[in-house]
Amino acid sequence: MVLLVACGPGCARYLVETPNVLRDQNPHYVFADCPADCQSADAPVLYATDRGDANPAGDQPNYSFERSNRIAFGIANVRLHPHATWPEVLRDSTQARRGREYEWKLAGIQEVGQVGTVMPRATFGVSQAQAVEQPHLHQLLRNRLAATTQKDVYIFVHGFNTTFDRAAFRTAEVWHFMGRTGVPLAYTWPAGRGGIRGYAYDRESGEFTVGHLRSVIKTVAECPGVDRVHLVAHSRGCDITISALRELHLAYSAQNKTTGRELKLENLVLAAADVDEDVFVQRFVGEGLLQVANRTTIYASEHDRAIELSDIVFASRRRLGMLGARDFSPRMKRALAKLPNVQFIECKLSGLWIGHSYVFTHPAALSDLILVLRDRRPPGAENGRPLRQPAEAVWELTDSYLR
């Protein structure tokens, strides 16, 4: 059994325990749609970042926590170590107990291009620099789309205190357990400074990156051949994603366009959201953002100590990532009841997996995330997602989910 314990950015990053939904499944069925060039211990993911390059003269970039006014994009080749054959990877990805531990390593970064500074404009279109580079990013996407039967792009937006490497690892890992279908893209913003003032720095970097994320989402959605876009945000990344979507929604609405249709937005996932409840209700409910995606899934846990600390630091009455059904204000209950495409998942989990990243590390929670993204299933036992429903628009997930 492989356990992932909480650690800082410098710690080794191991492949998490096999999700319940994959245990003892036929690996050839689980990975049946995996493209031929992805059938190895390597898991190449696309990336877009506004991190500064600490080694601009080197053979490959070294993205740091510093901020850049340019969005770089390319391919991060993530690799499972020790080296394994594809049959070994298949076997160990569908067994409850593995014969070895796998560590994620960054085997190389290939920067394909950069997009110039995003300048606000009335049309919120692209600047000249962006217009030049957009075809290159589209070509990168089309190359990957051509190799997969599922024409979906999964954009992952990480949280605070996260390095470029760990953002790539998390994206590769979820994509791997989804069967390596569709195209994974890690949007990694300048976080991970660390130290006593690291959270404050990351919070301001989150404000800095909103315009860049907005541009990336729009560019991906406009790529020919993309059928659906899925946004998966974690921690502070939820606030960043909400802000970017809000700006896009306001701009599309001003042009009498439907935001969800323009963005091809299938799923919006907010995992362990470091967002004040009042801010969430104001932006999402008051401005109609919860109707932008075909489905919005919110994961929360009262045992999330990182969110609890944030609650104390910002003197919030409630933060979204720690809410449970009994904590909902009357205003929140009324809002959720009116939104059938929104599911709030209260994660009542235990064990060593519980931390701020439980949605991606706990074998029960990760199983549900896979069913949301890979299969686009609504909740309910009749749909293959046997979540308990203690209240309207609220679902409950426990350790025994799909076990």
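Throughout, read-outs are computed from the coordinates displayed, never taken from laboratory work. Fair warning: this is a prediction, and the values are worked out from it, not measured in the lab. Quick reminder, even Gly has a Cβ in these numbers, built from the backbone with ideal geometry, and neighbours come from all protein chains shown.
So, R0 is 25 Å and r is the distance between the beta-carbons of residue 381 and residue 29; what FRET efficiency does that work out to, to 0.05?
0.70
Roughly what would the spin-label model give for residue 143 and residue 107, points 7 Å off Cα along C-beta, in nm?
1.5
Of the candidates 147, 272, 48, which one comes out as most mobile in a Gaussian network treatment of the chain with C-alpha springs shorter than 10 Å?
Result for the chain, Cα springs under 10 Å: 147 fluctuates most.
FRET efficiency for residue 282 and residue 261, Cβ-Cβ distance as r, R0 = 30 Å, nearest 0.05?
E(calc), rounded to 0.05, equals 0.80.
Kirkwood hydrodynamic radius of the chain from all distinct Cα pairs, in Å?
Averaging 1/r across every pair of different Cα atoms and inverting gives 21.2 Å.
For a protection proxy built on the mean count of beta-carbon atoms within 10 angstrom, sort 341-350, 95-104, 180-189, 293-302 highest first, please.
180-189, 293-302, 341-350, 95-104
What are the chymotrypsin sites (Phe, Trp or Tyr not before Pro) within segment 58-90 that DSSP puts in a loop, where the Cβ has at most 12 other Cβ atoms within 10 Å?
Answer by residue number: there is no such site.
In nanometres, what is the gap between the two model label sites at residue 69 and residue 341, each 7 Å from Cα along Cα-to-Cβ?
Roughly 3.7 nm, to one decimal.
R0 = 30 Å: FRET efficiency of residue 96 with residue 388, Cβ-based, nearest 0.05?
Rounded to the nearest 0.05, the efficiency is 0.80.
Highest first, please rank the peptides 87-93, 34-40 by the mean number of other Cβ atoms sitting within 10 Å of their residues.
87-93, 34-40
Relative contact order for the chain: what is it in percent, counting Cα pairs under 8 Å that are at least 6 residues apart?
15
Per the helix-only calculation at 222 nm, which mean residue ellipticity applies to the chain, given -39500 (n - 2.57) for every DSSP H run of n ≥ 4 and division by its residues, nearest 500 deg cm²/dmol?
One gets -9500 deg cm²/dmol as the mean residue ellipticity at 222 nm.
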